[in-house]
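The next block holds one structure in the form of structure tokens; read it before the comments.
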Amino acid sequence: MGKYVTKRILLLVPTLLIVCIIVFALMRMIPGSAVDMIVYRLGQAGQQVSAADVEAKLGMDKPAIWQFFTWFIGIFRGDFGTSLFQNESVLSMIGRQLMATLELVILTLILTNVISIPLGLYCAARQDSISDYTIRSISIVLMALPVFWIATLVLIYPALWWQYAPPATYVSFFTDPIQNLKMFFVPSLLGALSQTGHQLRTVRTVTLETLRQDYIRTAWSKGIGEGRIMLRYAFRNAMIPVITVIGGSIPGLIGGSVILENMFNIPGIGAQLVNSLDNRDYPVVQGCVLIFAIIVMVVNLIVDISYKWIDPRVELE
């Protein structure tokens with residue numbers, strides 16, 4: 001186990017290098033540049049500067065390879081660069097906004113599992129019943145509906161009909177948990193809906209396969225109760241595919257947080273990423289994407305290690 005974990009951690013470095021190269025290149029391939037934005041804004045403020053002067057001041061007059069490796073090596077010293085527009089280090093900006101994004105993702109993940117796992121087990125236990133067909137049909141609808149469309153309806157119609165809108169002012173969970181959850185519950189629930197449909201069907205499928213095993217028939221013949229069989233015998237042995245789906249849903253939840261944070265005015269990394277893309281703020285965009293990539297890779301590592309905990313027969317080496 002220790003050898004496997006060490007090898008996986010060492011593989012994070014080349015993976016991060018590839019991610020950094022892709023993000024660095026793509027940011028400079030999109031139309032417009034940070035230099036153009038800065039020159040334009042300074043011109044609007046009455047300060048006439050040339051693009052060459054701005055490039056020299058930001059170090060962007062040097063070759064792209066030099067710029068990249070200067071930034072990449074700085075990451076290992078804890079220096080993600082400085083925002084081109086906000087005069088603040090990228091690391092401090094991310095540190096201030098990361099908790100909001102993590103809270104949104106964690107709440108979404110909790111709601112997804114709380115809804116999908118019990119319903120998936122229920123559908124497996126009541127296979128081909130009316131309730132099974134109904135729940136599966138609803139899950140297909142949830143998978144098909146875009147989350148931004150549902151979020152738009154949730155923001156518009158309650159405001160028109162009942163004059164209600166989710167709180168738009170962020171309050172830390174440690175300052176006022178109730179007010180914080182009022183702001184995060186609705187976007188977390190909306191983010192969980194699309195994931196719930198897919199995960200519910202996965203839980204149902206793998207549980208049905210497990211229920212056809214001989215040891216389950218033996219448990220039924222011994223008179224063990226249905227609840228104990230479903231939870232202790234069937235679902236526990238079907239957890240590996242479910243854990244894989246849960247781990248695979250993390251990138252989707254992070255991507256969805258970019259949309260939900262902007263729509264519900266949550267001051268997270270996703271909202272900052274969109275604003276920085278509009279401004280061509282290269283260091284901030286690169287830092288945000290890098291943090292997202294690190295979170296995804298760490299989650300994948302945890303998922304792989306959990307296989308051994310769920311089933312001791314699994315060999316990771």
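Taken together, the values in this text are just the output of simple stated rules run on the coordinates, not laboratory data. This structure is a prediction, so every number in the text was calculated from the model and none was measured. Here the Cβ is made from the backbone with ideal geometry for all residues, glycine too, and neighbour counts use every protein chain on show.
Numbers below:
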{"read-out": "Burial ordering of V39, V203, fewest other beta-carbon atoms within 10 Å first", "value": "V39, V203"}
{"read-out": "Label-point separation in nm, I305 to T218, each point 7 Å along Cα→Cβ", "value": "3.3"}
{"read-out": "Cut-off under 5 Å, modelled amide H: who pairs with T82 long-range", "value": "V90"}
{"read-out": "Size of electric dipole in the chain: Cβ of Lys, Arg +1 and of Asp, Glu -1, about Cα centre, debye, nearest 20", "value": "960"}
{"read-out": "Helix-only [θ]222 nm of the chain, DSSP H runs n ≥ 4, -39500 (n - 2.57) each, per residue, nearest 500", "value": "-25500 deg cm²/dmol"}
{"read-out": "Hz values of 3J(HN,Hα) by residue in region 73-80 - Karplus curve (6.51, -1.76, 1.60), Gly and Pro given as x", "value": "5, x, 4, 6, 9, x, 10, 8"}
{"read-out": "Spatial separation of Cα centroids for region 65-133 and region 156-217, in angstrom", "value": "15"}
{"read-out": "Simple Cβ-charge dipole of region 31-78, Lys/Arg +1 and Asp/Glu -1, about Cα centre, in debye nearest 20", "value": "180"}
{"read-out": "Relative contact order of region 46-100, pairs being alpha-carbon contacts under 8 Å that are 6 or more residues apart, as %", "value": "15"}
{"read-out": "Nearest-20 debye value, region 90-196 charge dipole, Cβ charges on Lys, Arg, Asp, Glu", "value": "80"}
{"read-out": "Longest to shortest principal axis, alpha-carbon extents of region 233-300, angstrom", "value": "54, 24, 13"}
{"read-out": "Loop-located trypsin sites (Lys or Arg not before Pro) in region 226-303, at most 12 other Cβ atoms within 10 Å (DSSP)", "value": "none"}
{"read-out": "Whole-Hz ³J(HN,Hα) from phi, Karplus 6.51 cos²θ - 1.76 cosθ + 1.60, for region 230-245, glycine and proline x", "value": "5, 8, 7, 9, 6, 5, 4, 7, 9, 6, 4, x, 5, 4, 4, 5"}
{"read-out": "Rounded to whole Hz, the Karplus (6.51, -1.76, 1.60) HN-Hα couplings of region 134-146, x for glycine and proline", "value": "5, 5, 5, 5, 5, 5, 5, 4, 5, 5, 7, 7, x"}
{"read-out": "Taking S83, S129 and counting other C-beta atoms within 10 Å, the order from fewest to most", "value": "S129, S83"}
{"read-out": "Kirkwood hydrodynamic radius over Cα pairs of region 21-159, then Stokes diffusion coefficient at 4 °C and 1.567 mPa s, in µm²/s", "value": "63"}
{"read-out": "Relative contact order (percent, whole number), region 98-310, Cα cutoff 8 Å, 6+ residue spacing", "value": "28"}
{"read-out": "Given charges at Cβ of Lys, Arg, Asp, Glu: the chain dipole, positive-most of I150, P14, S249", "value": "S249"}
{"read-out": "Taking the C-alpha atoms of the chain, convex hull volume expressed per residue in Å³", "value": "185"}
{"read-out": "Ranked list, fewest to most other Cβ atoms within 10 Å of each Cβ, for F174, F264, F85", "value": "F174, F85, F264"}
